[in-house]
Amino acid sequence: YSDKVLAGYDALIADFSKRKPEGNIAIFHGQQGSGKTWLVRALITHFRDYFFVLIPPKMVACLMDPAFLSTVLRNRRYFPTVLIIEDADKILIDRTEGDIDAISAALNLGDGIIGDMLDIRLIMTTNRKLPQMDKAIVRSGRLSGIIEIGAISRETAESSFRNLLPDARMPEFTEE
């Protein structure tokens, strides 16, 4: 990863470590295969006590359902809940073009009263470029970080993972 990506990652770690981060939404964007998921894996390994939930993008609008919210409440154990939404392109799109329910749910959970009360943070990955994202999502104060990731090789991603988390066991993944 570039120095800019690593600095953004370190800043995100520092902010998400706070009881009240500067923003509760982190966005990793870049082309396919650039290493966004590797950075998410590193974050998961770094925050071992946090409660992580992987949410399919098509389910984001359902996150405001009381059944989901009560599950988050039961499982949080005084640590933040981090919702990971990979391939969040349709959630980050301008409201006039996208699923308004999904966008509203992401905003409410990432920056609304419910998200605040339940200490929810969002990590979203996307192939979208910053200018293509809804202005409300990327507004100052909502974002803990937005990191643009350029293309990298698998070897570079694995090396970066070891540099970011030297004591962590490297996950084993098969080629697709």
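The values are calculated or read from the model by the stated rules, or taken from the named source; none is laboratory data. Treat the numbers as computed from the prediction; the structure is a model and nothing was measured. Cβ sites come from the backbone with ideal geometry, for glycine too, and all protein chains shown count toward neighbours. Please note that ligands, DNA and RNA were not included when accessible areas were found on the heavy atoms of the full protein model with its side chains. Shrake-Rupley method; radii C 1.70, N 1.55, O 1.52, S 1.80 Å.
Points to keep in mind about this one:
- Residues that are closer than 22 Å to Glu22 by Cβ, in contact (Cβ under 8 Å) with a residue 60 or more places away in the chain and open to solvent by less than 40 Å² (accessible area, probe 1.4 Å) occur at least once in region 148-159.
- Residues located in region 160-170, provided they are part of a loop (DSSP other than H, G, I, E, B) and touching a residue at least 24 places away in the same chain (Cβ under 8 Å): Leu165, Ala168
- Scanning region 1-34 for residues that are β-branched (Val, Ile, Thr) and out of contact with any Ser or Thr (no Cβ under 8 Å at 6 or more places or on another chain), we see that the one that is surrounded by the fewest Cβ atoms within 10 Å (Cβ to Cβ) is Ile13.
- Per the listing Met170, Met124, Met117, the residue uniquely in contact with a Phe, Trp or Tyr (Cβ under 8 Å, 6 or more places away or on another chain) and either open to solvent by 70 Å² or more (accessible area, probe 1.4 Å) or more than 19 Å from Ser17 (Cα to Cα) (or both) is Met170.
- Selection from region 75-93 of residues that are surrounded by fewer than 15 Cβ atoms within 10 Å (Cβ to Cβ) and either part of a helix (DSSP H, G or I) or under 19 Å from the mean Cα position of the chain (by Cα) (or both): Asn75, Phe79
- Just one of the numbered conditions (1) in contact with a strand residue (DSSP E or B) (Cβ under 6 Å, 6 or more places away or on another chain); (2) hydroxyl-bearing (Ser, Thr, Tyr); (3) free of Cβ contacts under 8 Å to residues at least 60 places away in the same chain is not true of Ser144: (3).
- Filtered by the rule that a residue be of a type in the set (Lys, Arg), at pLDDT below 85 and either closer than 25 Å to Tyr50 by Cα or out of contact with any helix residue (DSSP H, G or I) (no Cβ under 6 Å at 6 or more places or on another chain) (or both), region 111-153 gives Lys129, Lys135, Arg139.
- Entry remark, region 96-148: residues being part of a loop (DSSP other than H, G, I, E, B) and closer than 18 Å to Ile44 by Cα number 1 in total.
- Only residues that are in a helix (DSSP H, G or I) and not charged (D, E, K, R) were counted in region 8-47, giving 16.
- Residue check for Arg162: closer than 20 Å to Tyr9 by Cβ, open to solvent by 50 Å² or more (accessible area, probe 1.4 Å) and either at pLDDT below 85 or among the small types (Gly, Ala, Ser) (or both): yes
- Selected residue [touching a residue at least 40 places away in the same chain (Cβ under 8 Å), under 19 Å from Thr156 (Cα atoms) and outside any strand (DSSP E or B)] from Val60, Val5, Val72: Val5
- Any chance Leu54 is touching a Leu at 6+ places or on another chain (Cβ under 9 Å), over 20 Å from Leu143 (Cα atoms) and surrounded by fewer than 16 Cβ atoms within 10 Å (Cβ to Cβ): no
- Of all residues in region 105-115, those satisfying the criterion of being under 16 Å from Leu143 (Cα atoms) and in contact (Cβ under 8 Å) with a residue 40 or more places away in the chain are Ala105, Ala106, Asn108, Leu109, Gly110, Asp111, Gly115.
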